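The values are calculated or read from the model by the stated rules, or taken from the named source; none is laboratory data. This is a predicted model, so every value here is computed, not measured. Counting neighbours? That spans all protein chains shown, and the Cβs are built from the backbone with ideal geometry, glycine included. Calculation scope for accessible area: heavy atoms of the full protein, side chains included, ligands and nucleic acids excluded. Shrake-Rupley method; radii C 1.70, N 1.55, O 1.52, S 1.80 Å.
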Amino acid sequence: MNVLELYQQWLKKTENNPQIYDELLAVKDDEKAIEDRFYKGLAFGTGGLRGVIGAGTNRMNVYSVGKATLGLADYLLENANGKSVGVAIAYDSRNMSKEFAYLAAQILSAKGIKAYLFAELTPTPVLSFAVRYLKADAGIVITASHNPKEYNGYKVYNELGCQITDGAAKAITACIEKHGYFDEYTPNESLIVYLGEDVKRAFLDAIKAFSISEITAENLPSVVYSPLHGTGRKYVQAILKELGVTSLHTVAEQEEPDGNFTTCPYPNPEEKAALTLALRDAEIYKPDLVMATDPDADRIGIAVANEKGEYVLLNGNETGSILLYYILSRKREMGTLGATPTVIKTIVTTDIVFDMAKEFSAEVKEVLTGFKYIGEALENTDNYVLGLEESYGYLVGTHARDKDAVSAAMLIVEACAYFKGKGKSLFAVLNEIYEKYGYYRTDLFSISLPGKDGMEKMQEMLVKIRKNPEKAFDGKDFTFADFAKGLFGLPKSDVLRFVNDTYRVLIRPSGTEPKMKVYLQVKGNSPADADEKLARIRTAVKTDWIGV
């Protein structure tokens, strides 16, 4: 069918769904709006589905979610070898998350699959944990993570609690394509099991096992925390209370779930605007640490006071560096570091990890962008210490196979207490890290390219860079790597990397939004030198390499 035929089919089929039908009617005279909704179906990939909530094949709605779930059910049954199948399902605070989760449970039950459905909104890492804890065959979490309120998503996990990787995604896609958007089904409510406090308790017990420092009256840190209207509040508050953190202030306006994210339209702890209210409260309470978790509580951002008492946001690389330094230092001090401790990082994460690892005789495994690859690599790692990515994602234990802001919050607060006991703030520790390993600076900028035209333009830009890659910068030759060729034993990926001993540039399309992302890293001799180098490479990449 062409776009207009699809539009007419959806009009006819959705007459009993006012929300979808009314949206379609509202754009009946807008050809561009119709095209955007129907020029393609939402692509199912390693990140599952993600898109704007609304009407059409290129939107998140009950029909796209239903079709995906029917395909997933077929895939699981085809690979079950006659055994019964179970799937854990969680959802966050976003608009339509609960509805999509319950729909997925109903469809799975209709296919004879047991659905373990969380009875209330739940962090993504808890879903990853639950798959392993329940010995389920797969997991689904309804979330768009840190995207704006207009978005929602559908992420699929394998039996290890890890996001599916390329092979499974392709096989599931083939099953999905056999179904239509309006296929009928009859739920079997007896196969839907509602999960409660027992799984939450098991999760908290599991992450407490990775605690490595005691919080006492002498080193007690004060903390301001915001869950950004998401799922983190109950879990973060609970684990910190159990560790003995009595000075915890939660931002009142952002404590309750809100799918419209009224106080932070872009609920991303990477963005300063999302922490506006937390920083406001920091000026009142003067805490040692400010933290915020994103809506599905898999990412965490922090702010700390500098030497002037001003609160500064740390980026994901800086927080990860502090976390890694704390864990390695503390374990060595305790004599529990063991032989060849292993750190897993993505290719876009700071290379200071390599320098730090040398001091502690640690191994570094480098994987493609996406925490699913960290989770996959963890399966073959004996003395695992930490998994980290620059986009504010960390996994400090082996209880899950996805980034976990709850356990990360626990260890970050512990690190704050540990260093406070030594008379150091986290800001001072970060400077200590730079003095020891080099003054690294990293940056990320994105080029937004929405719609069909934007996707085509993005591909044109990538083709242009591939045909004529930059040879050098600042008198230093680059080593160029096109990861689409399947380099370094990694799966093929649409990523370009330029690197030398001072500069590193990576360019890749976003896997979740219509954007092209550019990651910058420099290593300087001083803070001023690093800042100056970063400014120059940023200007060169924007104006000369890409032309924006």
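Quick check on packing: order 201-214, 386-399 by the mean number of other C-beta atoms within 10 Å, highest mean leading. Don't jump to the answer; show the numbers that get you there.
Values: 201-214: 16.5, 386-399: 25.0.
In descending order of packing, they fall as 386-399, 201-214.
Ranked highest first by average number of other Cβ atoms within 10 Å, how do 423-434, 284-295, 76-87, 267-278 line up? Write down the numbers at each step before the final one.
Values: 423-434: 17.2, 284-295: 23.4, 76-87: 14.2, 267-278: 20.8.
Packing proxy ranking, top to bottom: 284-295, 267-278, 423-434, 76-87.
P(r) for region 41-200: what percent of alpha-carbon pairs falls in each 10 Å bin, starting at zero?
12, 46, 37, 5, 0
Is it possible to state the helix-based mean residue ellipticity at 222 nm for the chain, with each DSSP H run of 4+ residues giving -39500 (n - 2.57), the sum divided by total residues, to the nearest 500 deg cm²/dmol? What is it? All intermediate terms of the calculation are to be shown ahead of the outcome.
Numbers: 17 runs with 208 residues, N = 548.
It lands at -12000 deg cm²/dmol.
Per residue, how much accessible area does the chain have with a 1.4 Å probe, in Å²? Please list the in-between numbers first.
Values: 21830 Å² over 548 residues.
Per-residue value: 40 Å².
How much of residue 30 can a 1.4 Å solvent probe reach, expressed as accessible area in Å² and rounded to 10?
70 Å²
Please report, in debye to the nearest 20, how large the charge dipole of region 40-190 is about its Cα centre when each Lys and Arg carries +1 at its beta carbon and each Asp and Glu carries -1 there.
Working: 15 positive and 13 negative charges, 46 e Å.
Rounded to the nearest 20 debye, it is 220 debye.
Under 21 Å between C-alpha atoms is the cut-off here; go through region 1-104 and count lysine pairs that meet it, provided they're at least eight residues apart or on different chains.
For region 1-104, qualifying lysine pairs total 11.
When a/c reaches 1.5 or more, the comparison of a/b and b/c decides; with that in mind, is region 105-179 rounded, prolate or oblate per its Cα gyration tensor? Don't jump to the answer; show the numbers that get you there.
Values: a/c = 1.32, a/b = 1.09, b/c = 1.22.
Rounded shape, in that the Cα axes give a/c under 1.5.
I'd like the Karplus ³J(HN,Hα) series for region 149-161: coefficients 6.51, -1.76, 1.60, θ = phi - 60°, whole numbers in Hz, and an x wherever there's a Gly or Pro.
Rounded to whole hertz, the list is 4, 5, 9, 8, x, 9, 9, 10, 10, 8, 5, 8, x.
Can you list the aspartates and glutamates whose alpha carbon is less than 17 Å from that of residue 114, not counting same-chain residues fewer than 8 positions off?
74, 78, 137, 159, 189
If the reach is capped at under 26 angstrom between alpha carbons, list the lysines near residue 436, excluding any in the same chain fewer than eight residues apart.
Result set, ordered by chain and number: 308, 331, 345, 358, 365, 420, 422, 424, 476, 523, 533.
Per residue of region 427-435, in order, report the coupling 6.51 cos²θ - 1.76 cosθ + 1.60 (Karplus, θ = phi - 60°) as ³J(HN,Hα) in whole Hz, putting x for Gly and Pro.
Listing the rounded values in order: 5, 5, 5, 4, 5, 4, 4, 5, 5 Hz.
First check a/c for region 509-548, with a ≥ b ≥ c the square roots of the eigenvalues of its C-alpha gyration tensor; if it is under 1.5, answer rounded, and if not, answer prolate when a/b is larger than b/c or oblate otherwise. The partial results should precede the final answer.
Working: a/c = 4.26, a/b = 1.86, b/c = 2.30.
Oblate.
When only Cα pairs under 8 Å and 6 or more residues apart are kept, what is the percent relative contact order across region 445-548?
Values: 139 pairs, mean separation 24.0, N = 104.
Rounded, it is 23 percent for region 445-548.
Which aspartates and glutamates does residue 464 reach when only Cα atoms under 19 Å apart count, and residues fewer than 8 places away in its own chain are ignored?
453, 456, 482, 494, 544
Roughly how many whole Å is it from the C-alpha centroid of region 4-52 to that of region 92-140?
One Cα centre to the other: 25 Å.
Mind checking which of 455, 428, 499 is farthest towards the positive end of region 418-505's charge dipole, using Cβ charges of +1 (Lys, Arg) and -1 (Asp, Glu) about the Cα centre?
The Cα lying farthest towards the positive end belongs to 428.
Note the angle between two axes, namely the Cα long axis of helix 527-540 and the longest principal axis of the Cα atoms of the chain, as a number of degrees from 0 to 90, rounded to the nearest 10.
Orientation of helix 527-540: about 30 degrees from the principal axis.
At a 1.4 Å probe radius, carbon and sulfur cover how many percent of the accessible area of the chain? Could you put the intermediate results ahead of the total?
Working: 10590 of 21830 Å².
Within the chain, the accessible surface is 49 percent carbon and sulfur.
So how far apart, in nm, are the two label points at residue 188 and residue 81 if each is 7 Å from Cα heading toward Cβ?
Between residue 188 and residue 81, the simple spin-label model gives 2.2 nm.
Over the chain, what per residue volume does the convex hull of the Cα atoms give, in whole Å³? If you can, show how the numbers build up before the last one.
Values: hull volume 83.9 nm³, N = 548.
Spread over its residues, the Cα hull of the chain gives 153 Å³ apiece.
Calculated FRET efficiency, residue 467 and residue 177, Cβ-Cβ r, R0 30 Å, to nearest 0.05? List each step's numbers first, then the result.
Numbers: r = 33 Å, r/R0 = 1.11.
E between residue 467 and residue 177, to the nearest 0.05, is 0.35.
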